[in-house]
Structure formats: structure tokens, C-alpha cells
Amino acid sequence: MRLGPVEFDLAVNPQEVTRKTQTPYAVHPVVGARPIREFTGEGDGTFSITGVVFPHHFGGGRLGLAALEIARQAHTPVPFMRGNLVPLGWVLIEALEISDSEIGQFGIGTEVGFTATLVLTDRPTVALAPAILSLFA
């Protein structure tokens, strides 16, 4: 699986991916009948990736989490795809939660849990290409 500049592997290991989609409707009351629902376009589609990093066992992972944080702060859409290279769409990283546990002698967790919350967005315009490419540098 890949999210923008980060390729998930043993170092940045996703444990669960959830997806939520919705269809919003404008509701119009009608006397003596059920309300009429008018389709207003696709609603937000969201993903949540929950995983764990073992920096002492797999030689890293923190750089991957740092790259996700940089992409979140950039407010720039990034591509999201499954491990079989099937594209899931362009997403914005809406939230990134990181929790260190099993704190070691240097104040660094030997197990780092993370949850990334993503929201689907439209394909970016060509004008955003430099900002997107800068995340991969």
C-alpha cells in the first residue's frame, strides 16, 4: 500500500484500513407523503489507516510517519493505492494520530501506534504538480 510519499511495509506496518462513503440528499417535505430526497452529489469518502511501527526492530518507520506529517501539513492531495497497485483515489490527510508506548531509556517508544484519517478529494489540477512532487523529494 502507498500513501503519497510513504510505502507501507514492515517498518510502517498498516494493521487495518477502513473506508466510509456516503450519499447526501436534500430532503423536501411533502404533505401526506414521505419526504422527497434529491441527490446532491457524492459526499465525503473517508479512509482510516491504523498501524504500528517498531523502530528498534525494523530499523526505522519514524521517517515514514514524519513524511505523512509533512504531507498533512502541506494541505496537498496525495495519491493512495493498494499493494496490488489499484488506485483508491486522491486524498487529503485530514488527521494523523501517533502514540508512543513501551518508552525506552531515551524517551522513545519501542512501539509506535498511528492512525491516519484520509478524505477523498478530486484529482488535483496541474498547478498543484510542484507541491505534490515536493513531497516525494
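The values are calculated or read from the model by the stated rules, or taken from the named source; none is laboratory data. Keep in mind it's a predicted model, so treat the numbers as computed, not measured. As a convention, Cβ positions derive from the backbone with ideal geometry for all residues, glycine included, and neighbour counts pool all protein chains shown.
General observations
- Of all residues in the range 23-43, those satisfying the criterion of being assigned to a loop (DSSP other than H, G, I, E, B) and either within 22 Å of Ile132 (Cβ to Cβ) or in contact with a strand residue (DSSP E or B) (Cβ under 9 Å, 6 or more places away or on another chain) (or both) are Thr23, Pro24, Pro29, Val30, Pro35, Thr40, Glu42.
- Conditions (1) farther than 19 Å from Thr121 by Cα; (2) out of contact with any Gly (no Cβ under 7 Å at 6 or more places or on another chain); (3) surrounded by 15 or more Cβ atoms within 10 Å (Cβ to Cβ); (4) among the hydrophobic types (A, V, I, L, M, F, W, C): number failed by Val53: (2)
- For the range 83-98, filtering for residues that are closer than 16 Å to Gly45 by Cα and touching a residue at least 12 places away in the same chain (Cβ under 8 Å) leaves 8.
- Hits in the range 107-137 - residues which are in a strand (DSSP E or B) and under 15 Å from the mean Cα position of the chain (by Cα): Gly113, Phe114, Thr115, Ala116, Thr117, Leu118, Val119, Leu120, Thr121
- Per-region count, the range 62-78, residues surrounded by 15 or more Cβ atoms within 10 Å (Cβ to Cβ) and of a type in the set (S, T, N, Q): 1
- The residues of the range 24-50 that are farther than 20 Å from Asp9 by Cβ and either surrounded by 15 or more Cβ atoms within 10 Å (Cβ to Cβ) or in contact with a Cys (Cβ under 8 Å, 6 or more places away or on another chain) (or both), listed by number, are Gly45, Thr46.
- Residues in the range 79-106 that are part of a loop (DSSP other than H, G, I, E, B) and surrounded by 11 or more Cβ atoms within 10 Å (Cβ to Cβ): Arg82, Gly83, Gly104.
- Residue match in the range 55-67 (condition: under 14 Å from Pro14 (Cβ atoms) and modelled with pLDDT of 90 or more): no
- Per the listing Glu69, Glu16, the residue uniquely outside any strand (DSSP E or B), of a type in the set (D, E, K, R) and either within 20 Å of Ala116 (Cα to Cα) or under 11 Å from the mean Cα position of the chain (by Cα) (or both) is Glu69.
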